[in-house]
Amino acid sequence: MVRVLHVLGGLGLGGAESRIMDLYRNMDRSQVQFDFLVHMDPREYARAVSDGVDPASYRKPQFFDDEIRSLGGQIYAVPRFRAYNYFAYRRAMHSFFKEHHAFSVVQAHMTSTASIYLPIAAHFREASAKPELSMVTVAHTRNAGVDRGLKGILVRILRRSLPARADFLFACSHLAGDKTFGGAPYTYIPNTIDTARFTYDPSAREIIRDRHNIAPDDIVIGNVARFSPQKNQGFLIRAFAGMRRKDRNIKLLLCGEGALRDECEHLAGELGVYDRVIFAGSQSEIEKYYSAMDIFAFPSIYEGLPGVVVEAQASGCKCLISDTITPDVMILDNAEMYPISEGPESWSRKLNKMVGEMIFADEDSKDAAGQRADESRRDADRMRYAREMEEAGFDVHEQAARVMAFYLDPCADTAPGSSTGE
């Protein structure tokens, strides 16, 4: 068995974490085992070190912890990087890799600080005379942008040297690879999903709509993301508030948690739409929520290749996606890009038009007595998208086999994707 260390910010219900867990579940764990190095509160880390205990025991439990341990994975922790603790962060990484370095692969999904910790991992590989330490390092970018301000400037500086500090460069989209690695060759590995799981389910649609008091004929615009400036939910709430329709009730369904949730709830109240916006929180069975949605709206400012947009397409939602996101995510015919630079008012008009087309198609399917003639036709149409997503190469089972081949022999030219950026 070989062990692969994934370096992440945390193990909550986020996009990168979900994609890695999809691979983990579909990996032959008798051959490849995943471990995780995550980041925790620096003060709690220092307290654990002072008390002489494993720092991971002092971190707050997160969504995937129990499942990882049930699958045989180990969870380790280092302090969260805060710029002012640069030297303490280096010492923590040095201490970790000095003790734990028998990995086949160290895969850095946190590229913001990968240029700090990947060379430390490589140092202990090179300093050892043990033949089993054939570790390789991977910088895996999952975002095409950075936050505004000083934080973004610092991330750009730290990423600049990544091509020289990692053995392999992976990117979830061409845009992410080009922006992160600055023209250096990388391997494009798209985010994949369990397409069968995200097949449209009429019974799930009914369950979720009943749970949130959504009528069968209501039109639901949905979004799945953490509440953060990058994900731009405030923009979406403003666009929703500008929609005016008398022919059908419209609801906005927001799934996720995050620092800006309270601010977004306050905004919905200010705009007078709080009673029509559903803040559903993070959901472990998110596939059921896609079935409850009609339109998936995603006005994110920057992304790598957002897995939630892949999931929404597979579930047959009509998808409206910001034009700042990589074109790689335009996979099926139910996805459309639209500029966010024109503002929420423009998105209001566009969403109104999409709702109108949906209502017209719905009315057109009714018979002379006003009854829906063939509801199953709509359901069958949405179900086909999961099959098409699998045929497009975005199913996790095929991806897991390719990734596992790389993990088993990283130096055998088995990088699990297409080389690009040359």
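The values are calculated or read from the model by the stated rules, or taken from the named source; none is laboratory data. What you are looking at is a predicted structure, and each value in this text was computed from that prediction instead of being measured. All Cβ positions, glycine included, derive from the backbone under ideal geometry; neighbour counts span all protein chains shown.
Among the residues of the range 250-260, at least one is under 24 Å from N334 (Cβ atoms) and more than 21 Å from the chain's Cα centre (by Cα). Considering (1) closer than 14 Å to T199 by Cα; (2) surrounded by fewer than 20 Cβ atoms within 10 Å (Cβ to Cβ); (3) of a type outside the set (G, A, S), the lone condition that V308 does not fulfil carries the number (2). Within the range 142-163, if we keep just the residues that are of a type outside the set (K, R) and within 20 Å of the chain's Cα centre (by Cα), the residue that is modelled with the highest pLDDT turns out to be N143. For I193, indicate whether it is in contact with a helix residue (DSSP H, G or I) (Cβ under 8 Å, 6 or more places away or on another chain), under 30 Å from S291 (Cα atoms), crowded, with 22+ Cβ neighbours inside 10 Å and not aromatic (F, W, Y). Criteria met by I193. The set of residues from the range 9-64 being out of contact with any strand residue (DSSP E or B) (no Cβ under 7 Å at 6 or more places or on another chain) and charged (D, E, K, R) comprises E17, R19, R25, D28, R29, D41, R43, E44, R47, D51, D54, K60.
Anything in the range 278-314 that is aliphatic (A, V, I, L, M) and more than 20 Å from N191 (Cα to Cα)? List them, or say none.
Within the range 278-314, I278, A280, A292, M293, I295 qualify.
Anything in the range 28-63 that is more than 23 Å from R91 (Cβ to Cβ) and either surrounded by fewer than 16 Cβ atoms within 10 Å (Cβ to Cβ) or in contact (Cβ under 8 Å) with a residue 60 or more places away in the chain (or both)? List them, or say none.
Here is the first cut: in the range 28-63, the ones more than 23 Å from R91 (Cβ to Cβ) are 28-34, 61-63.
The answer is D28, R29, S30, Q31, V32, P61, F63.
Those strands (runs of 3 or more DSSP E) of the range 1-102 in which at least 2 residues are closer than 29 Å to A225 by Cβ, assigned by TED's automatic domain parsing to the domain that holds D409 and of a type in the set (F, W, Y), considering only elements entirely within it, cover 32-40.
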